[in-house]
Amino acid sequence: MKVALLNGSVYGTAEDIARQVKTRLTAAGHEVWLQPNAELGSLEAFAPDALLAITSTTGMGELPANLEPLYFQLRDRLPPWRGRPGAVLALGDSSYGDTYCGGGELMQELFAELGLRELLPMRRIDASETVTPDEEAAPWIDEVMAGLAKDVSS
């Protein structure tokens, strides 16, 4: 299966988790696309079977600068990916109140607009509750791996 990892990172944590996911997916035999500062053309050329988003939140609930251009291109173009599996891992800090994991919520809304089938509910990792977000992401990665394996076998 061809899996695209869309990644938005400010301080590198979301990017580190995305690299872990890529390693696990590749070891399981999936072809993985992960490009910082990616453009829609290269994503469309990859022709993903599934999309995963791993993103932090910045500002007032916005996406990190490296993911914004791709997000807006996807939102403006809405490629015909209806029915493909998708999942979102959101990193944030609940002390920011209403904007907590806003970047992840934006990606979740975009995935719904694209008609992606939710592989599993969005997982939130709260920086005010953990100092090991990569360890907190491990169950989500396991669930994604299991969901994609099930998707491939059906």
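Tabulated data
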item: Per residue value of the accessible surface for segment 65-139 (all protein chains in place, 1.4 Å probe), Å²; result: 52 Å²
item: Table column - 3J(HN,Hα) (Hz), segment 47-61, Karplus curve with 6.51, -1.76, 1.60, x for Gly and Pro; result: 6, x, 8, 8, 10, 10, 10, 10, 9, 8, 10, 9, x, 9, x
item: Whole-percent carbon and sulfur share, accessible surface of segment 25-154, 1.4 Å; result: 50 percent
item: Relative packing of peptides 68-79, 137-148, 44-55 - highest average C-beta neighbours within 10 Å first; result: 44-55, 137-148, 68-79
item: Length gained when the stretch Ala149-Ala45 is fully extended (0.36 nm per residue, less Cα-Cα span); result: 35.1 nm
item: DSSP bridge orientation in segment 43-154 - percent antiparallel, rounded to nearest 5; result: 10 percent
item: Area of Ser94 that stays accessible when all protein chains are in place (1.4 Å probe, Å², to 10); result: 50 Å²
item: Under 14 Å, Cβ to Cβ, from Lys2 - net charge with Lys/Arg +1 and Asp/Glu -1; result: -2
item: Around Gly147: net Lys/Arg minus Asp/Glu count, Cβ-Cβ under 11 Å; result: -2
item: Cα centre as origin, Lys/Arg/Asp/Glu Cβ charges: the chain dipole, Debye; result: 580 debye
item: Which labelled figure in [x] 14.2, 47; [y] 62.5, 197; [z] 14.2, 42 is Rg and Dmax of the Cα atoms in Å, once derived from the coordinates; result: [z]
item: Segment 59-154 - percent relative contact order, Cα under 8 Å, separation 6 or more; result: 31 percent
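The values are calculated or read from the model by the stated rules, or taken from the named source; none is laboratory data. As the structure is a prediction and not an experimental result, all values here were calculated from the model. No Cβ is skipped: glycine too gets one built from the backbone with ideal geometry, and neighbour counts run over all protein chains shown. Protein only, heavy atoms only, side chains kept; ligands, DNA and RNA dropped before computing areas. Shrake-Rupley method; radii C 1.70, N 1.55, O 1.52, S 1.80 Å.
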